[in-house]
Amino acid sequence: MEIEEERADGRCSVEEAAKRVEGRKGKYGEAAAIAAAAMYLVWENLTVMVPNLWNGQSRRLLLDGLNGYAEPGRIMAIMGPSGSGKSTLLDSLAGRLAQNAVLTGNILLNGKKRRLDYGIVAYVTQEDTMLGTLTVRETISYSANLRLPSSMTKEEVNDIVEGTILEMGLQDCAERIVGNWHLRGISGGERKRLGIALEILTRPSLLFLDEPTSGLDSAAAFFVVQALRSIAHDGRTVISSIHQPSSEVFALFDDLFLLSGGQAVYFGESKMAAQFFAEAGFPCPRQRNPSDHFLRCINSDFDAVNMALMISQRENQKPVDPLSKFSTAEMKARLVEKYRCSEQEAKMKTRMREISEMEGPSMTIKKCGNRAKWWKQLSTLTRRSTVNMSRDLGYYWIRIIVYILLSICVGTIFMHVGTSYVDIFARASCAAFVSGFMTFMSIGGFPSFIEEMKVFHKERLNGHYGIVVYTLSNFLSSFPFLALMSVASATIVFYMVKFETEFSRYVYICLDLLSSIAVVESAMMIIASLVPNFMMGVIIGAGYIGIMMMTSGYFRFVPDLPKVFWRYPISYINYGAWGLQGAYKNDLIGLEVDSKIGGGPKVKGEVILEMLLGYQAHHSKWWDLAAVLVILVTFRLLFILILKLKEKVSPFFQTLYAKQTLRRIGEPSMATRKSKLPQFPSKRHHQPLYSLSSQEGLNSPIN
């Protein structure tokens, strides 16, 4: 009774959400409902292989010549044992395959070849990549403002957000934070539903989901799939991999694609799958979940274990299961062969030809129609990033505290530095420490930035916003924290050390430290775009800053650096060299220092700058600051260029890699390729195989 009441309450929530959606359709028209063009997807002879890096003539097949289609108004389930190729198939269709995988075959969208990435398709992956400092409602609200049209009012957007929260059953946790590695947040099942909610906000025309019910209880899984089914029946194309659903959940799917070992076992209507298995000689017992039965027949992972169990059972009783003489591998082989000659495959190929000849609507209109204006995206991203940075202690707050403590240490060590001749090197050391070692600590924000980059990568692949908008928003949101860090540190050091008290000198040291820290942050962004790994990024970042410190002019004067490479061009593109030169000028120009010989004439700072420190005073310190700012802008532009090149050039290199791999292993054309067994079968294929049914003796699940 409790379960029935819970499901009844859940149905009310779903119905209420549906009424909200219908209400906003009628009130606000098509713009609020985000109507999208129908998407017909076809994949022909799809094969994915991973070459053996140590043996160029061998490879492992992940998908073996798969064919199929998906059409609007229907929801498809991709089922199979673990390792059968479900996620690989979704990654192939969505253009998210790993770089070492080789994809061959054709993927047609509305009858045309097209890469399904960067906004063409919405994809809910198994990894729930989100900003852990935001609440559930904030996460959905920011996503809605990033993607819904700017013409929609605030009330319309909020209505869609609340309707989505109700639709996914997240109203009880809407005000709780998502959580991360050090903050306790929502449960795993709630995170899974939140990930789905983020992608169904705009009712995408083509939606992929990788095991959306994993980690959910049976009731939650039912309502989630029911919501996906309603989206599909609104004219969308929904494809979802699913791992052993309940009978109620299985009944919600219109179509079924059953895989085993990368091969197709069945493709067709889900309600006809049981009949197909019965005709193959493996009928589904009554009162048994059909999905359980299908997976039992095609999962041969434990056949070797079953052999020992069957032998031990035969010593005590004689099995009466008529299918005990078949191993699971044999049943799978019979099903695969049955499907290749079945009516289901013939219907599938006929329908594929019909869809391939259809002419679909323009994809460009669909891709651009669901996006907000760039200024709204910039504002939303800036606000979201500011909230994340302010709530994540490890992003800036801990660094600000350490900077302040370290500045106090510097101030006490160089307290009231004088103008005697011996104090010259104390002044130089203090300036070098501030512009060199204190900027080195900016590397501490790299872990938090890596987590933010993961969210950007996911949202970028799903077409939420552009690279330039993200780069600008990151700079705008981080600027207040960098300014606070720089001004606090510079103020403490400037007035404790007792540099020249002119206000312009104080302003300069603040700007010099701010720009230098911003350059280091930009450099770490470039490293993160090239090496998206925490440990490797920190090591490379530390090495880069170490080289910049060595060539900045403190450890060895710039004129004394070897001219080849170190002086030209390294010292000229070194933010530390320009920053330190400006700091020296800011302190010494206009200063008079006592002579080395007692009673001698005072020495001007310009002379010390040129004779002792090796810098020329012929240009203003503000030009040195301008050079640092130029490096800052250059690094930001380089970050944008790298991300754009990775998007544009990666497909080319992936195609080149695939051609070379196929040539190396001698693979024939995919158009004439016959199905082959994997080159690297697991050890279980070389052992005696026995049926899973023998584990249950007389009560066989396949009886």
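The values are calculated or read from the model by the stated rules, or taken from the named source; none is laboratory data. Remember, it's a predicted structure, so these values are computed and weren't measured experimentally. For neighbour counting, all protein chains shown are included, and Cβ atoms are generated from backbone atoms with ideal geometry for every residue, glycine included.
Taking the condition of being surrounded by 15 or more Cβ atoms within 10 Å (Cβ to Cβ) and modelled with pLDDT of 90 or more, how many residues in the stretch 352-391 meet it?
Residues that pass the stated criteria total 17.
Test residue 97 against the criterion of being part of a strand (DSSP E or B) and at pLDDT below 95, and give yes or no.
It is false that residue 97 is part of a strand (DSSP E or B) and at pLDDT below 95.
Do you know which residues across the stretch 117-141 are buried (at least 20 other Cβ atoms within 10 Å of the Cβ) and either under 17 Å from residue 374 (Cβ atoms) or free of Cβ contacts under 8 Å to residues at least 12 places away in the same chain (or both)?
Answer for the stretch 117-141, where residues must be buried (at least 20 other Cβ atoms within 10 Å of the Cβ) and either under 17 Å from residue 374 (Cβ atoms) or free of Cβ contacts under 8 Å to residues at least 12 places away in the same chain (or both): just 119.
If only one of 580, 591, 612 is modelled with pLDDT under 90 and buried (at least 18 other Cβ atoms within 10 Å of the Cβ), which one is it?
Selected residue: 591, the only one of 580, 591, 612 that is modelled with pLDDT under 90 and buried (at least 18 other Cβ atoms within 10 Å of the Cβ).
Can you tell me which residues in the stretch 525-539 are among the aliphatic types (A, V, I, L, M) and under 20 Å from residue 470 (Cα atoms)?
First, the residues of the stretch 525-539 that are among the aliphatic types (A, V, I, L, M): 525-528, 530-531, 535-536, 538-539.
Once the filter is applied, which keeps residues that are among the aliphatic types (A, V, I, L, M) and under 20 Å from residue 470 (Cα atoms), the stretch 525-539 yields 525, 526, 527, 528, 530, 531.
Just to verify a result, which residue in the stretch 87-116, among those that are closer than 28 Å to residue 297 by Cβ and touching a Phe, Trp or Tyr at 6+ places or on another chain (Cβ under 9 Å), is surrounded by the fewest Cβ atoms within 10 Å (Cβ to Cβ)?
105
Does the stretch 61-75 contain at least one residue that is at pLDDT below 90, touching a Pro at 6+ places or on another chain (Cβ under 7 Å) and either farther than 19 Å from residue 344 by Cβ or not in a loop (DSSP other than H, G, I, E, B) (or both)?
The answer is yes; a qualifying residue exists.
Take residue 144 and tell me if it is buried (at least 18 other Cβ atoms within 10 Å of the Cβ) and under 21 Å from residue 382 (Cβ atoms).
yes
Taking the stated definitions as given, is residue 230 touching a residue at least 24 places away in the same chain (Cβ under 8 Å), surrounded by fewer than 23 Cβ atoms within 10 Å (Cβ to Cβ) and more than 17 Å from residue 122 (Cβ to Cβ)?
In short, no.
For every residue, the table says whether it meets (1) in contact with a Phe, Trp or Tyr (Cβ under 7 Å, 6 or more places away or on another chain); (2) modelled with pLDDT of 90 or more; (3) farther than 24 Å from residue 221 by Cα; (4) surrounded by fewer than 16 Cβ atoms within 10 Å (Cβ to Cβ).
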| residue | (1), (2), (3), (4) |
| --- | --- |
| 247 | no, yes, no, yes |
| 250 | no, yes, no, no |
| 258 | yes, yes, no, no |
| 267 | yes, yes, no, no |
| 273 | yes, yes, no, no |
| 276 | yes, yes, yes, no |
| 282 | no, no, yes, no |
| 288 | no, no, no, yes |
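Between residues in the stretch 471-498 that are among the charged types (D, E, K, R) and residues that are buried (at least 20 other Cβ atoms within 10 Å of the Cβ), which pairs lie under 6 Å by C-beta distance while being six or more apart or on different chains?
none
(1) in contact with a helix residue (DSSP H, G or I) (Cβ under 6 Å, 6 or more places away or on another chain); (2) free of Cβ contacts under 8 Å to residues at least 60 places away in the same chain; (3) of a type outside the set (Phe, Trp, Tyr): which one isn't true of residue 185, the others all being true?
(1)
Would you check if residue 212 is at pLDDT below 90 and under 27 Å from the mean Cα position of the chain (by Cα)?
When the stated conditions are applied, residue 212 does not pass them.
Determine whether residue 47 is modelled with pLDDT of 75 or more, polar (S, T, N, Q), crowded, with 19+ Cβ neighbours inside 10 Å and part of a strand (DSSP E or B).
yes
When the stretch 615-647 is examined, which residues are found to be part of a helix (DSSP H, G or I), among the small types (Gly, Ala, Ser) and surrounded by fewer than 18 Cβ atoms within 10 Å (Cβ to Cβ)?
Initial filter on the stretch 615-647 (part of a helix (DSSP H, G or I)): 621-647.
With the extra rule that they be among the small types (Gly, Ala, Ser), the set shrinks to 626-627.
Answer for the stretch 615-647, where residues must be part of a helix (DSSP H, G or I), among the small types (Gly, Ala, Ser) and surrounded by fewer than 18 Cβ atoms within 10 Å (Cβ to Cβ): just 626.
Filter the stretch 370-392 down to residues that are charged (D, E, K, R) and outside any helix (DSSP H, G or I), then give me how many there are. Before the answer, list the steps.
Of all residues in the stretch 370-392, those charged (D, E, K, R) come to 371, 373, 376, 383-384, 391-392.
From what's left, outside any helix (DSSP H, G or I): 371, 373, 392.
Final tally of qualifying residues: 3.
Just checking: which of the helices (runs of 4 or more DSSP H) contained wholly in the stretch 464-574 hold 1 or more residues that are in contact with a Pro (Cβ under 7 Å, 6 or more places away or on another chain) and farther than 21 Å from residue 638 by Cβ?
534-550
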